[in-house]
1. Which of the numbered conditions does Met117 fail, given that it passes all the others? Conditions: (1) over 29 Å from Ile323 (Cα atoms); (2) crowded, with 18+ Cβ neighbours inside 10 Å; (3) touching a residue at least 40 places away in the same chain (Cβ under 8 Å).
2. Output the residue which, of all residues in segment 217-257 that are polar (S, T, N, Q) and under 22 Å from Arg385 (Cα atoms), is modelled with the highest pLDDT.
3. Does Ala358 satisfy being closer than 24 Å to Tyr168 by Cα and without any contact (Cβ under 8 Å) to a residue 24 or more places away in the chain?
4. Output the residues belonging to segment 355-381 that are small (Gly, Ala, Ser) and part of a helix (DSSP H, G or I).
5. In the set Asp370, Asp389, which member is under 17 Å from the mean Cα position of the chain (by Cα) and under 25 Å from Asn163 (Cα atoms)?
6. For segment 410-432, what are the residues that are surrounded by 15 or more Cβ atoms within 10 Å (Cβ to Cβ), in a helix (DSSP H, G or I) and hydrophobic (A, V, I, L, M, F, W, C)?
7. For segment 195-213, how many residues are more than 21 Å from the chain's Cα centre (by Cα) and crowded, with 17+ Cβ neighbours inside 10 Å?
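The values are calculated or read from the model by the stated rules, or taken from the named source; none is laboratory data. Every value quoted in this text rests on a predicted model; they were computed, and no experiment measured them. Cβ placement follows ideal geometry from the backbone for every residue including glycine, while neighbour counts extend to all protein chains displayed.
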Amino acid sequence: MSAPTLAPAARVGSSGARAVAGPVLGLRVNGRQFALLVLVNAFVGAMVGLERSVLPLLGEREFGLASRSAALSFIATFGVVKALTNLLAGRLGDRYGRKHVLVLGWLFALPVPFLIMWAPTWGWIVAANVFLGINQGLAWSMAVVMKIDLVGPQRRGFAMGLNEFSGYLAVALSALATGMVASRYGLRPQPFYLGVAFAAIGLALSVFLVRDTTAHMRAEAASDTRSRSSTEIVVDHAPTPSFRELFARGTWRDPAMASASQAGLVNNLNDGLAWGLFPLFFAAGGLSVREIGALAFVYPATWGVTQLATGALSDRFGRKWLIVCGMLMQAAALASIVVWRGLAPWAAAGVALGVGTAMVYPTLLATIGDVAHPTWRGSAVGVYRLWRDLGYAVGAVLAGGLADAFGMATAIDVVAGLTALSGVVVALRMPETLAASPATR
């Protein structure tokens, strides 16, 4: 399978003759494709939002899962599968082209709502989240990489802010919609009819309208001046580290990439807590399904909208301290959920948690884009997203085990402490990476 490429752009020289050149990088010149990818990523996010209000309650009320660990098993499965798929997606996107991987991701989304609607046992729900994890790992990864390809280095943080804005605002709206439908019609099947529409529309847009961005990646690579290390091999005339080398960089060896990986893991650890444990915690506090749906909306909606500003701020002021402050804000917000109880305090905590996450999420992706060469950017993003999305699994196992042993409040407090510790690690180890981008030299 050969990677599809875009038709080369035409430029007019001083003599009036038209000269053929490579694709032009930049947000404005690629505005239509960029906006289309923003829309596609909104449908990717909406697939996850289907579960935010309803699935933990479904496990407790329809399947009789008294154990918090068992109830959160679907998140652990989702996290592991998505993390491993992220790693594969980056490598596939670099080798075969971005669009093919994006379309493949949507094919895996199609069975998800049907499995949940028709599930006779909890095992079907876990299986649905295997498909959902593959969908998210392939489709969201490619949406991220394709946007980075299009804009080039100059507005990378802003581009990631737009990407994550669309995805997580859609998570929030989908969670709100399913909560409202469930409060009126029941926990299933009606809330999941929305998922059928999301998957069909996302697949159609990706097949018929999205164009591949591999040519943009190659255009940026041709102008990139970063040095090649002795451990890199050359593939298609571009430097590509071996998988072992790249994994080592993203896990412990490279201070920027490794710091981003651990912060991403902890960030999604507390997001997994919010996804799986918050609905049960709020229900135990006396809230209705509609109120739980509203709270499930507040946190990702704030996260999504605020990223429009935080991504751009990281382009102007740098990545490191925005990440540090965001992790500390998340920790404070989580702790406040245990201290102050009730709909209004929990809504305020959700806003603070969303702002803190928005400071971190697009900035971590921009950090990876700063330090990774364009020709192995997809693979570098895959390693980062492997560790980041393993946070869902770690969060589900940790939160479920602590909640069963010591109560849900203790589980939330422990995760708050880990989030603060992660911010301290970034402060002590991570260098500022904005200057690593060729555009800032």
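1. (2)
2. Thr251
3. no
4. Gly356, Ala358, Ala366, Gly369, Gly378, Ser379, Ala380
5. Asp389
6. Selection gives Ala411, Ile412, Val414, Val415, Ala416, Leu418, Ala420, Val425, Val426, Ala427.
7. Summing the residues that are more than 21 Å from the chain's Cα centre (by Cα) and crowded, with 17+ Cβ neighbours inside 10 Å in segment 195-213 gives 1.
Quick grid of which residues meet (1) among the polar types (S, T, N, Q); (2) under 19 Å from the mean Cα position of the chain (by Cα); (3) modelled with pLDDT under 85:
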site: Phe158; (1), (2), (3): no, yes, yes
site: Leu162; (1), (2), (3): no, yes, no
site: Gly167; (1), (2), (3): no, yes, no
site: Ala170; (1), (2), (3): no, yes, no
site: Ser174; (1), (2), (3): yes, yes, no
site: Val181; (1), (2), (3): no, no, no
site: Leu187; (1), (2), (3): no, no, no
site: Phe192; (1), (2), (3): no, no, no
